[in-house]
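The values are calculated or read from the model by the stated rules, or taken from the named source; none is laboratory data. These numbers were taken from a predicted model, which means no experiment stands behind them. For neighbour counting, all protein chains shown are included, and Cβ atoms are generated from backbone atoms with ideal geometry for every residue, glycine included.
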Amino acid sequence: MSHRRAALEGCLLGCAVGDSICLPYEGLAPRRVAKVLRLPLKHRLIFGHGMVSDDTDHSLFVAQSLARNPVDPDGFARCLAWRLRLWLLCLPAGIGMATLKSILRLWCGVSSSRSGVFSAGNGAAMRSAIIGVFHSEDDDLRYRFTQASSAITHSDPKAGFGARAVADLAAAAARNCNQIPVSRLEEILIGAGEGDEWRETVQRTVNACRSRKIEEAVTPLGLKRGVSGYVLHTLPVAVAAWHIHFGDFRTTIETVVKLGGDTDTVAAIAGALAGISCAIEGIPDDWIDDIMDYPHSAAYISKLAETLDSGQTVDTGFSWLLFPRGILFTLTVLWHALLRILPPY
């Protein structure tokens, strides 16, 4: 297997595994997570198995659109926009408000370059790692594709900064198997955005990486309910967890889940970066094998990575099986929501 193929597969599978493993803990405060968490971490969504959420779905839609439009950002954006339109018809559970509004705007005829709403949620960042790997050698294309993807759902520049940061870090990881030095990490992050708030975010991330204490990324924010869905809260945690535990996929994800909040998205981003670094061999076998999902299964994800690497466009269409699958997923999420009214508190 080529290094590029391994990075593509590790990115997509790492995203899916992090997402599915941490999904049952989404929205829980750190204190509640500490009471219900059992280590070693395993899939616990459906009788010891897991399903993927919107974080993985979006990343796979991006990968499919890249396969069909590898050098045309406008064509890529139109392709991705249609996948998001159809995905909304599947009644996805847990969809972010900004993403919901933007897809409704798409259905109303607004173009993909103007459909995004003013929000700094993490929806754009959660799907940008695969762009970084795919265009790791071309800075201009990576920037244009990341911007095109972000604009579909989020128009706040901060959302774009976060997406670009994830893409640029993914590209750097794909080019070099070694851990990125903190000084270089800081340089990449600074180059992804601008403004005082962005520089403060970068500083929190760098401080956590230098001290090797994930608390440095969250303590200044006072996030007692866990990591929020605000991209400037999500990014430092995901990047620091990956960098501090470089090469150790399991510990990276376990660190994220203990912090609570938007665990599945933070773990999807951290998992994508960690998957690039350690490839599929570094992801626990049972975490991959116990994903019980279709059509976005682990086998399909590996096939899609092969498709991206080979330049073919087979198996890149929107699957209509996502409609019945969406119903099952929503019912499962509702069941877990009911279980949360039970102890331990």
Item to check | Inter-residue pairs, beta-carbon under 9 Å, first touching a residue at least 24 places away in the same chain (Cβ under 8 Å) and in segment 1-24, second buried (at least 24 other Cβ atoms within 10 Å of the Cβ) and among the basic types (Lys, Arg), 6+ apart | outcome: CYS15/ARG127
Checklist entry - Pick from ARG114, ARG127: which is surrounded by fewer than 22 Cβ atoms within 10 Å (Cβ to Cβ) and modelled with pLDDT of 95 or more? => result ARG114
Item to check | Members of segment 98-110 found to be surrounded by 14 or more Cβ atoms within 10 Å (Cβ to Cβ) and either in a loop (DSSP other than H, G, I, E, B) or of a type in the set (Val, Ile, Thr) (or both), listed by number | outcome: THR99, ILE103, VAL110
Checklist entry - Quick one: in segment 57-97, which of the residues that are surrounded by fewer than 21 Cβ atoms within 10 Å (Cβ to Cβ), part of a helix (DSSP H, G or I) and out of contact with any Phe, Trp or Tyr (no Cβ under 8 Å at 6 or more places or on another chain) is modelled with the lowest pLDDT? => result MET97
Checklist entry - Which one is surrounded by the fewest Cβ atoms within 10 Å (Cβ to Cβ) among residues in segment 188-243 that are at pLDDT 95 or above, over 22 Å from the mean Cα position of the chain (by Cα) and of a type in the set (Gly, Ala, Ser)? => result GLY195
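For THR316, state whether it is closer than 27 Å to CYS90 by Cα, β-branched (Val, Ile, Thr) and not in a helix (DSSP H, G or I). Walk me through it before giving the result.
Working: closer than 27 Å to CYS90 by Cα: yes; β-branched (Val, Ile, Thr): yes; not in a helix (DSSP H, G or I): yes.
For THR316, the condition - closer than 27 Å to CYS90 by Cα, β-branched (Val, Ile, Thr) and not in a helix (DSSP H, G or I) - is met.
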Item to check | Scan of segment 88-144 for residues that are over 19 Å from ASP264 (Cα atoms), of a type in the set (Ser, Thr, Tyr) and in contact with a strand residue (DSSP E or B) (Cβ under 9 Å, 6 or more places away or on another chain), ordered by number | outcome: SER102, SER119
Checklist entry - When segment 329-345 is examined, which residues are found to be in a helix (DSSP H, G or I) and without any contact (Cβ under 8 Å) to a residue 12 or more places away in the chain? => result LEU331, TRP335, ALA337, LEU338, LEU339
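For segment 179-272, give me every one of the helices (runs of 4 or more DSSP H) that falls completely inside it and has 2 or more residues that are over 27 Å from PHE134 (Cβ atoms).
Hits in segment 179-272: 196-211, 215-218, 249-258.
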Next on the checklist: Just the residues that are in a helix (DSSP H, G or I) and surrounded by 24 or more Cβ atoms within 10 Å (Cβ to Cβ), please, taken from segment 273-292.
Outcome noted: LEU273, ALA274, GLY275, ILE276, SER277, TRP287
Checklist entry - What residue, of ARG184, ARG204, is in contact with a Pro (Cβ under 6 Å, 6 or more places away or on another chain), of a type outside the set (A, V, I, L, M) and over 19 Å from ALA124 (Cα atoms)? => result ARG204
Next on the checklist: Can you tell me which condition THR265 does not meet? The list is (1) over 16 Å from the mean Cα position of the chain (by Cα); (2) closer than 17 Å to LEU60 by Cα; (3) hydroxyl-bearing (Ser, Thr, Tyr); (4) surrounded by 14 or more Cβ atoms within 10 Å (Cβ to Cβ), and all the others hold.
Outcome noted: (1)
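So which residues in segment 224-237 are under 15 Å from MET126 (Cα atoms) and either touching a residue at least 40 places away in the same chain (Cβ under 8 Å) or basic (Lys, Arg) (or both), if there are any at all?
GLY229, TYR230, VAL231, LEU232, THR234, LEU235
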Next on the checklist: Cβ contacts < 7 Å: first residue within 15 Å of SER149 (Cβ to Cβ), restricted to segment 106-120; second residue surrounded by 14 or more Cβ atoms within 10 Å (Cβ to Cβ) and among the acidic types (Asp, Glu), any location; separation 6+ or different chain. Result?
Outcome noted: SER119/ASP156
Checklist entry - Is it the case that PRO295 is in a loop (DSSP other than H, G, I, E, B) and either surrounded by fewer than 19 Cβ atoms within 10 Å (Cβ to Cβ) or touching a Gly at 6+ places or on another chain (Cβ under 6 Å) (or both)? => result yes
Checklist entry - If ARG325 satisfies every condition in (1) touching a residue at least 12 places away in the same chain (Cβ under 8 Å); (2) over 15 Å from GLY94 (Cα atoms) but one, which is the exception? => result (2)
